[in-house]
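Have a look at this one before I ask anything.
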Amino acid sequence: MDEILQALTRLGDPIYWIVVITAAVLAALTGLIPGASGIVVMALAIPFITENVTDPAIGMVALAVITGVNNGLDTIPAILLGQPGGGNNVSFLEGHQLARQGKAAHTLGAVYAVSMLGGVVGAITLALAVPIMRPFVLSFSWAEIAMLGLFGVTMVSGLSKGAMRRGLAAGAFGILIGTVGIAPATGDLRFFFQRPELWEGINLIAVTLGFFALPEMVDLTLAREPVAPKGANVSTKEVLRGAREGFRHWPMVIRQSVFGVFLGAIPGVGQATIDWLAYAFGIFWTKDKSQFGKGSLLGVMFAESAQNSKESGQAIPTLALGIPGGLSWALILVAMLYYNLAPGPQMLGEHADIVILMVITLSIGNLLLMVMGIGFTGQLAKLTLVPYPMVGAVIIPIIFLTALIAMRSWLFLPIMFVFMGIGLIMKYWQWPRPPMLLGLILGPVIEENLVSAESVYGWSGIATRPLTIALAIIIVLVLYFFNKSAKTDVTKGLVTASTGGDGPLETATDAPATELIERSFMQAFFSARNFPIALAIGGSLAFIIEAQGFRSSAAQFFPVGAASVIIVLSLSQLYTHVVSQRVVSKAEIMDIGMKSVGMEGTKAAAVKIVGMLLLFSLLSGVIGIKYATFSYAFLSPYFWMPGKWKYIGPVIAVTIIGIFQFFLMDNFIYIIWPEPALFEWIGREILGR
């Protein structure tokens with residue numbers, strides 16, 4: 001009781017409120033700036049705070065506010081502009097489609113409400129759970145984390161009911177790509193193309209931006225229209241209506257928030273993993289599952305509720321065990337050690353007032369998040385009414401610069417272009433992308449924990465762990481349920497057609513329809529529909545062949561296993577196309593459809609975009625990325641904006657990119673610009689240095 005009174009006494013201290021409000025405003029601003037995440041701000045703030053703030057309670061409060069508030073506002077670029085980060089891909093998938101429907105303001109209002117509620121529920125759960133969670137956290141071991149990751153990939157793959165095999169193949173392909181880097185079992189370097197930057201795997205931010213964001217940017221630029229339709233309501237009143245919608249779902253928010261705390265309390269389950277697992281968990285409890293993947297406000301709220309509450313969950317192993325629950329809490333642990341605050345019994349006993357104050361502050365910070373968000377979102381949402389060539393002139397260069405910030409190497413450029421190509425191919429032929437991205441995120445988690453579990457328990461020990469068995473049974477049941485549901489929907493929607501159609505498959509809102517195509521074997525085999533299948537099989541075979549050079553079977557096991565699954569599923573899909581000649585033409589897949597397909601002038605616009613990207617790549621190699629980005633910023637509005645904006649637009653775009661580079665990147669993030677790729681190659685290959 002004394003500790004609670006001590007914490008409440010702090011609320012009357014003006015210094016406390018100055019620190020909380022300052023940290024909240026700082027976190028809010030960085031949440032809107034691509035590349036300047038809360039982690040970056042915390043890393044920069046720790047030396048300043050620990051050197052200048054002698055009171056450990058105030059110092060810990062400042063860091064807690066930054067990590068809590070920034071987590072909620074970084075959803076804005078994902079929804080408004082189609083620019084996801086590493087941990088808000090669900091909000092991008094569902095929320096950006098809502099923005100395309102003119103519901104950006106309403107969606108963000110709901111996000112603020114559920115984020116605030118999630119933060120408060122998480123804080124309350126943290127206060128209740130810290131004393132009793134230690135045994136639970138210790139009982140959830142490597143095998144269970146591996147099975148939880150596999151469950152996440154399976155669940156999201158199965159949600160594409162009309163394309164389950166494609167979804168599972170995509171998830172397996174993500175797991176396969178996740179094997180790039182150092183093998184956890186043996187230390188072998190796998191598939192790293194002699195580049196040290198790939199030793200720790202392919203950078204998630206570069207992949208996410210290339211795979212998810214760039215295809216949407218290119219598609220919207222080809223459409224040459226605003227994100228939202230004309231007449232969309234982007235007023236502050238609409239933001240408030242969205243907030244009321246979020247509050248109306250408070251029982252769901254409590255459920256998702258408690259689940260977020262549960263996931264956050266498990267060390268090793270990162271932000272991106274929690275994003276998808278919370279989404280899958282919410283869908284599991286929803287009767288009408290057909291709404292998801294097409295722009296579902298519920299889907300956004302599922303993820304955002306858990307994302308904000310997970311901060312409290314990650315605090316549990318940090319404060320109780322000294323095991324950081326996430327990267328942000330690893331930085332808080334650094335500050336704790338600087339202030340001589342030892343985690344465990346001392347933190348929960350002698351310094352319990354600091355823990356309680358952090359709990360209270362997390363709730364206050366989330367309330368400030370909602371107030372600030374509602375205040376300025378009505379203006380930000382107007383960006384969805386601006387023709388996309390103008391928005392893309394700024395956002396596409398910033399996407400490239402954000403990936404550079406994440407990788408600190410020019411290698412981000414080929415990675416982004418490769419994954420942009422894969423993303424466009426999958427969008428065009430309706431292969432769901434979320435399972436692949438989730439597989440990439442969870443693949444290393446699954447492999448590392450499975451290897452650790454096998455070394456400690458052995459395969460027989462893993463197979464007899466009750467939690468592991470329960471999760472395995474759930475995975476099988478999920479696959480069975482979704483497969484049965486998909487077959488029922490296809491039977492209901494059976495149609496026939498006399499001609500083929502090698503173009504993209506239509507995204508439909510009704511039941512999946514099976515299209516019977518009458519063609520010769522050769523016509524069916526060489527159909528353009530099979531192009532993604534050929535790429536999947538060819539890429540998998542390349543991985544298998546390369547894996548034969550690894551030193552041990554332990555390093556080969558995961559990539560060869562994932563590649564084999566892809567080949568089997570792809571051949572099964574090919575059989576459907578060629579032998580039975582039956583394809584699902586109205587598949588419910590978890591992805592965003594192509595807006596520009598069939599629009600007048602799309603081919604000419606595509607040629608211009610390809611030309612601009614090639615020019616950007618060439619200039620990056622010759623004069624460097626810093627100056628090459630200005631080329632795209634100038635040409636996009638010049639080519640497509642009407643009237644005087646043809647000349648004003650390039651000036652505005654180039655100015656914004658200049659401010660982003662010379663102020664933020666040079667003076668805030670302190671980026672070290674990589675040497676132009678051409679000069680680096682000459683130095684390495686020709687001059688030998």
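Every read-out reported here was derived from the displayed coordinates using simple, explicitly stated rules and does not represent laboratory data. Everything quoted here is computed from the prediction, not taken from an experiment. Glycine also receives a Cβ, built like all others from the backbone with ideal geometry; neighbour counts cover every protein chain displayed.
Quick check on packing: order 524-531, 383-390 by the mean number of other C-beta atoms within 10 Å, highest mean leading.
So the order, starting with the most tightly packed, is 383-390, 524-531.
Please give the net charge around residue 233, taking every other residue with its beta carbon less than 13 angstrom from that of residue 233, where Lys and Arg add +1 and Asp and Glu add -1.
+4
Something else now. Placing +1 on the Cβ of each Lys and Arg and -1 on the Cβ of each Asp and Glu in the stretch 227-302, which of 300, 274, 240 has its Cα farthest towards the positive end of the resulting dipole?
Looking along the dipole axis, the top candidate is 240.
Within 10 Å of each residue's Cβ, count the other Cβ atoms and sort 353, 13, 288, 219 from fewest upward.
Going from sparsest to densest Cβ surroundings: 288, 13, 353, 219.
I would also like to ask the following. How high is the relative contact order of the stretch 602-686? Use alpha-carbon pairs under 8 Å, at least six apart in sequence, and give a whole percent.
31
If R₀ is 45 angstrom, what is the calculated FRET efficiency for the pair residue 8 and residue 286, using the beta carbon separation as r and rounding to 0.05?
0.70
What is the magnitude of the charge dipole of the stretch 2-441 about its Cα centre, with +1 placed on the Cβ of each Lys and Arg, -1 on the Cβ of each Asp and Glu, and no other charges, expressed in debye to the nearest 20?
Roughly 1640 debye, rounded to the nearest 20.
What residues have an amide H closer than 5 Å to that of residue 190, excluding those fewer than 5 places away on the same chain, when H is modeled at 1.01 Å from N in the peptide plane?
Those lying under 5 Å, H to H, from residue 190 are 181, 182, 183.
Applying a 10 Å radius around every beta-carbon, put 199-211, 235-247 in order of their mean neighbour count, most first.
Descending packing order for the listed peptides: 199-211, 235-247.
Once you've got the Cα coordinates, tell me which of 287/310; 626/646; 595/646 are over 30 Å apart.
Listed pairs above 30 Å: none.
With the contact rule set at Cα under 8 Å and sequence spacing of 6 or more, what percent relative contact order holds for the stretch 2-441?
31
On to the next question. Arrange the peptides 336-342, 90-96, 359-365 so that the one whose residues have, on average, the most other Cβ atoms within 10 Å appears first.
Ranking the peptides 336-342, 90-96, 359-365 by packing returns 90-96, 359-365, 336-342.
Regarding the stretch 2-441, what's the average projected area of the Cα-atom convex hull, expressed in nm²?
Value for the stretch 2-441: 20.6 nm².
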